[in-house]
1. Is the shape of segment 1-91 best called rounded, prolate or oblate, per the rule: a/c under 1.5 gives rounded, else a/b larger than b/c gives prolate, else oblate, with a ≥ b ≥ c the square roots of the Cα gyration tensor eigenvalues?
2. With Cβ to Cβ distances under 11 Å as the rule, what net charge do the other residues near R150 carry (K, R +1; D, E -1)?
3. Counting other C-beta atoms within 10 Å, which of C95, C142, C29 has the fewest, and how do the rest follow?
4. With both partners inside the chain, how many of the DSSP beta bridges are antiparallel, as a percent to the nearest 5?
5. Can you work out the Karplus-derived ³J(HN,Hα) for every residue in segment 78-94? Use 6.51 cos²θ - 1.76 cosθ + 1.60 with θ = phi - 60°, whole Hz, and x for glycine or proline.
6. Multiply the residue separation of N53 and T212 by 0.36 nm, subtract the distance between their alpha-carbon atoms, and state the gained length in nm to one decimal.
7. For a quick check: with amide H placed at 1.01 Å from N, whose amide H comes under 5 Å from L183's, ignoring anything fewer than 5 positions away on the same chain?
8. Stretch T9-S187 to full length: gain in nm at 0.36 nm per residue minus the Cα-Cα span?
Amino acid sequence: MPTTTDKDTASLQAAREVIEQIKKKPQSCLGLPTGRTPQALYRHLIAIAREENVDITGVRFFGLDEYIDVRQESAFKTYLDKVIYQPLAIDQENCFSPIMIDDYDALIKRQGGLDLTILGIGGNGHIAFNEPGTPEYSWTHCVTLDESTRRANQEFFARPEDVPRRAVTMGIQTILDSRKIILLAFSKSKISILKRAFNGCVEGAVPASFLTKHPNLEIYTDFEFTWLK
Ligand code: PGA
């Protein structure tokens, strides 16, 4: 399990993992997060893909989640367009969002299932938008966002009241079904929730704790962290 104390190095290592996955299986299905955490990973991914001329034309990209009732400029799909799809000139036909379709899980299955899913972790232990209280056996569903989540994402909106109250998200099972998972946790503010998730009880109160059940999980942090499995 790689551990490091430097966010950029951790993001680079994680980006290399993604590139390896694409090289190994050019038709890979990837689950992608938004927010602050994955930005450096996307930057490195773009640089390596260009440098090594990696063929990404067969890769399918699945956003983890999306706001409901959001202005287009603040939509997660717009974020992913800006930070990864457009820079890599990815065909829009290969870019999916859970807001696009009723049965996202069936779509993912038809495409062969997720090979690699990248996650951040919320300060309250959420993964994607699976807030505390989400059952383990949940698939893609609509959620009401926690006030703490809305506050954490306020900086992406002009006014606090503009932060949407609802979203659609891959469920815990959608995520656990992914053949491999990379979890990124950067900044000291994530230490205590990461410890609770991985060294405490496996419970819906800390949705990230369900990740302990996954056989192929890698955690990248910018602080010392040992997972006592
Ligand atoms: P952040 O959010 O990357 O903006 O810290 C992580 C998350 O909510 O999953």
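Read the figures in this text as sums done on the coordinates, not as results from a lab. Everything numeric here is computed off the predicted structure, so don't read it as measured data. Quick reminder, even Gly has a Cβ in these numbers, built from the backbone with ideal geometry, and neighbours come from all protein chains shown.
1. Working: a/c = 1.87, a/b = 1.26, b/c = 1.49.
Oblate.
2. Combined, the nearby Lys, Arg, Asp and Glu give -2.
3. Exposure proxy ranking, most exposed first: C142, C95, C29.
4. That works out to approximately 30 percent antiparallel.
5. 5, 4, 5, 4, 5, 8, 9, 5, 5, x, 9, 6, 7, 4, 4, 5, 9
6. Fully extending the segment from N53 to T212 adds 53.7 nm.
7. Long-range HN contacts for L183: L119, E218, I219, Y220.
8. Full extension from T9 to S187 adds 62.7 nm.
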